[in-house]
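The values are calculated or read from the model by the stated rules, or taken from the named source; none is laboratory data. Since this is a predicted model, take the numbers as computed values, not measurements. Neighbour counts run over all protein chains shown; Cβ positions are idealised from the backbone, glycine included.
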Amino acid sequence: MKVFGGIEGGGTKFICGVGTGPRDLTFIEIPTSTPDATLREVIAYFRGQPALEAIGIGSFGPVDLDSKSPTYGFITSTPKPGWRNCDLAGEVGRAFSVPVGFDTDVNAAALAEEEWGAAQGLSDFLYVTVGTGIGAGAVVCGELLHGLTHPEMGHVLIPHDRTRDPFPGLCPYHRDCLEGLASGPSIEARWGAKGIDLPPEHPAWDLEAHYLALGLVNWICTLSPRRVVMGGGVMQQKHVFPAIRRELVGLLNGYIQHAALDPSNSEFIVPATAGGQAGVLGALLLANHAAQRRSRTHRVVKS
């Protein structure tokens with residue numbers, strides 16, 4: 001059986017795993033420090049594993065996904081100190097001389113939800129993570145959506161009623177974009193406590209549902225997904241889901257007519273089910289795809 005390596009590169013930790021799927025996965029967590037120190041531990045972990053067919057990486061970003069670009073595989077304009085212009089995929093590829101699949105962490109998690117989680121059987125869906133940051137991966141006609149770079153849906157600009165919410169926002173680039181207003185750190189900065197410590201009746205959650213619904217209105221009107229899968233630390237607060245559904249219906253105001261948008265329908269906006277290892281599991285799929293591309297290229301050359 002072919003065995004793959006997967007890396008979920010996050011701002012606070014790297015999860016490195018080896019296997020073929022959720023029932024065959026061993027992994028470790030490495031705290032994210034400097035690029036040199038972190039990658040040294042990552043490479044040491046994989047060198048202690050059986051020979052791998054390929055390695056996939058789902059990374060925090062922004063990242064360069066253009067295979068023709070001289071900075072392909074780099075983390076680019078991240079605000080995380082020390083990681084700007086880090087050649088993440090290149091360092092891993094040079095260390096092991098195997099195909100390397102590379103994408104965003106949220107796109108990797110979307111692949112895992114499609115293969116093993118809440119988006120199974122769907123050709124068009126949206127995966128949203130709400131945690132330290134906010135990001136989304138879109139699958140359209142069975143393919144991850146890419147383009148000029150990659151979607152940065154967490155940085156959409158949304159209405160900000162400063163009378164209701166005078167909090168200025170935390171995003172270092174845009175201040176009060178969606179991520180700046182509704183990420184986990186924004187909740188903590190606004191209310192003085194982490195979301196996990198706020199009770200369900202706290203006013204934080206009505207505001208959070210409002211902001212997330214504003215983001216969803218934009219994405220639903222643009223991409224028309226068949227389902228929205230929501231994960232990340234903030235979305236572990238399951239009581240937020242009904243509030244998001246109600247807010248969404250109110251904001252759409254009857255414009256899009258579909259049974260899926262009934263606020264009582266719990267099958268359109270759903271919790272992620274691939275678990276805490278969704279990112280590294282998706283990275284295994286990126287590795288598999290990279291190995292398949294290498295195999296196809298070799299067959300074409302031989303023919």
Note to self: Based on this model, can you work out whether LEU52 counts as out of contact with any Gly (no Cβ under 8 Å at 6 or more places or on another chain) and not basic (Lys, Arg)?
What the structure shows: no
Check: Pick from ASP103, ASP87: which is in the same structural domain as ASP36 (by TED's automatic domain parsing) and within 14 Å of the chain's Cα centre (by Cα)?
Finding: ASP103
Next item on the list: Go through VAL280, VAL240, VAL270, VAL249 for me and flag whichever is β-branched (Val, Ile, Thr) and within 19 Å of LYS13 (Cβ to Cβ).
Entry: VAL280
Next item on the list: Could you please find all residues in the range 13-49 being over 17 Å from VAL280 (Cα atoms) and in contact with a Gly (Cβ under 8 Å, 6 or more places away or on another chain)?
Entry: THR34, PRO35
Check: Can you name the residue in the range 1-40 that is assigned to a loop (DSSP other than H, G, I, E, B) and of a type in the set (A, V, I, L, M) and, of all such residues, is surrounded by the fewest Cβ atoms within 10 Å (Cβ to Cβ)?
Finding: MET1
Notebook entry, point to check: Can you name the residue in the range 127-184 that is part of a loop (DSSP other than H, G, I, E, B) and β-branched (Val, Ile, Thr) and is also surrounded by the fewest Cβ atoms within 10 Å (Cβ to Cβ) among such residues?
Noted result: THR163
Notebook entry, point to check: Given the structure, is PRO151 without any contact (Cβ under 8 Å) to a residue 60 or more places away in the chain and in the same structural domain as CYS221 (by TED's automatic domain parsing)?
Noted result: yes
Notebook entry, point to check: Taking interchain pairs and intrachain pairs at least six residues apart, which have beta carbon atoms under 7 angstrom, with the first residue in the range 68-80 and over 24 Å from PRO31 (Cα atoms) and the second of a type outside the set (Gly, Ala, Ser) and surrounded by fewer than 18 Cβ atoms within 10 Å (Cβ to Cβ)?
Noted result: TYR72/ASP66
Margin query: Among the residues that make up the range 101-116, is at least one of them of a type in the set (Gly, Ala, Ser), over 21 Å from GLY6 (Cα atoms) and surrounded by 15 or more Cβ atoms within 10 Å (Cβ to Cβ)?
Written below: no
Notebook entry, point to check: Here are some residues: MET230, MET235. Which one is assigned to a strand (DSSP E or B) and surrounded by 18 or more Cβ atoms within 10 Å (Cβ to Cβ)?
Noted result: MET230
Next item on the list: Residue by residue through the range 41-65, note down the ones that are in a loop (DSSP other than H, G, I, E, B) and either over 15 Å from ALA95 (Cα atoms) or basic (Lys, Arg) (or both).
Entry: PHE60, GLY61, PRO62, ASP64, LEU65
Check: When both residues are 6+ apart or on different chains and their Cβ atoms are under 7 Å apart, which pairs have a first residue that lies in the range 268-293 and is free of Cβ contacts under 8 Å to residues at least 60 places away in the same chain, and a second that is of a type outside the set (A, V, I, L, M, F, W, C)?
Finding: PHE268/ARG227; ILE269/ARG245
Note to self: For the range 86-98, check the following and say yes or no: at least one residue is in a strand (DSSP E or B), modelled with pLDDT of 95 or more and either within 15 Å of PHE60 (Cβ to Cβ) or touching a Phe, Trp or Tyr at 6+ places or on another chain (Cβ under 9 Å) (or both).
What the structure shows: yes
Next item on the list: Only residues that are closer than 17 Å to TRP219 by Cβ and either surrounded by fewer than 17 Cβ atoms within 10 Å (Cβ to Cβ) or outside the structural domain of GLU208 (by TED's automatic domain parsing) (or both): list them for the range 242-267, please.
Entry: GLY250, LEU251, ASN253, TYR255, ILE256, HIS258, ALA260
Check: Listed residues PRO81, PRO70, PRO62; which is assigned by TED's automatic domain parsing to the domain that holds VAL18, crowded, with 17+ Cβ neighbours inside 10 Å and more than 20 Å from LEU284 (Cα to Cα)?
Finding: PRO62
Note to self: Can you tell me which condition TYR211 does not meet? The list is (1) of a type outside the set (Gly, Ala, Ser); (2) crowded, with 22+ Cβ neighbours inside 10 Å; (3) over 23 Å from GLU113 (Cα atoms); (4) in contact with a Gly (Cβ under 8 Å, 6 or more places away or on another chain), and all the others hold.
What the structure shows: (4)
